[in-house]
1. Run the dipole for the stretch 21-133 about the Cα centre, Lys and Arg Cβ at +1, Asp and Glu Cβ at -1, nothing else charged, and hand back the magnitude in debye, nearest 20.
2. If eta is 1.567 mPa s and T is 4 °C, what Stokes-Einstein diffusion coefficient results for the stretch 105-219, Kirkwood Rh from Cα pairs, in µm²/s?
3. Heads up, I need the accessible area for Asp52: 1.4 angstrom probe, whole protein in place, Å², nearest 10.
4. Out of the total accessible area of the chain (probe 1.4 Å, heavy atoms of protein only), what percent is carbon and sulfur?
5. Given the rule -39500 (n - 2.57) for each run of at least 4 DSSP H residues, summed and divided by the residues of the chain, what is its mean residue ellipticity at 222 nm, to the nearest 500 deg cm²/dmol?
6. Taking N as the number of residues in the stretch 1-42, what is its alpha-carbon radius of gyration divided by 2.2 N^0.38 Å?
7. Beyond 24 Å, what share of the Cα-Cα pairs of the stretch 9-218 is found? Please give it as a whole percent.
8. With +1 assigned to the C-beta of every Lys and Arg and -1 to the C-beta of every Asp and Glu, and no other charges, what is the dipole magnitude of the stretch 85-219 about the Cα centre in debye, to the nearest 20?
Amino acid sequence: MSESFLFSDALAAYYAKVAVRESPLLRRLREETAALPMAAMQIAAEEGQFLDLLVRLTGARRCVEVGVFTGYSSLVTALALPPGGSLLACDINAAWTDVARRYWAQAGVADRIRLELAPALQTLDKELQQGAAGSYDFAFIDADKGSYVYYYERCLQLLRAGGLIAVDNTLWSGRVADPACRDADTRAIRAFNEHVGSDRRVDFCLVPIADGVTLARKR
Ligand code: SAM
Ligand code: CA
């Protein structure tokens, strides 16, 4: 479990001991990523477990991810898919996603994942233009915060009714609730939270796990 702004140190240690399960392959990916300067971008182990459960619970077959980095969440998602399932993975960074590709191959799930190295809005718009609206079951959004509302709107179109969107970092280490924080990313997360909170097209819940994960189910 990563450092938590929600839990005391004692509770975080207890949670890590009794509630976090991480496979040896995912642990190796976490350890390799830890050497990178941007390692903190990786999702927490318990969040990976949560995504795994969501993909399995929803029975998702067609998934899309916005923000791959070194591949932790995409690996979790691909491993949770049923046979024949697929993941469209969007990122712009070749070096980070080369690490991801290595782990997808080691896990035997590379053939389930289509990586598009391009700005995600472009990739999502292309999917929509090609007639993919309503054909996805699950989306995970975890890239540049300033585009969250735009990613959400595209993913909502891509999802079938009953499909689920999970959006990472919606508590933003508590900065969303600090009026002194007025930087662009914090303002973007606040704007996203207000957008989804008033969106009657979805059932939703902001789950206080890791850095906050908003779940929105398309009605
Ligand atoms: N989900 C990842 C994981 O489990 O480790 C972490 C993703 S990291 C927080 C954000 C990623 O978004 C980075 O890999 C970055 O290259 C990517 N990104 C930033 N801007 C993007 C854009 N416009 N389109 C697609 N990906 C973008
Ligand atoms: Ca994140």
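1. The dipole of the stretch 21-133 has a size of about 300 debye.
2. Calculated translational D: 86 µm²/s.
3. About 40 Å², ignoring ligands and nucleic acids.
4. 55 percent
5. Rounded to the nearest 500, it is -13000 deg cm²/dmol.
6. 1.29
7. Taking all Cα-Cα pairs of the stretch 9-218, the fraction more than 24 Å apart is 39 percent.
8. About 320 debye.
The values are calculated or read from the model by the stated rules, or taken from the named source; none is laboratory data. Note that this is a predicted model, so its numbers are computed, not measured. Here the Cβ is made from the backbone with ideal geometry for all residues, glycine too, and neighbour counts use every protein chain on show. These accessible areas exclude ligands, DNA and RNA; they are computed on the full protein's heavy atoms, side chains included. Shrake-Rupley method; radii C 1.70, N 1.55, O 1.52, S 1.80 Å.
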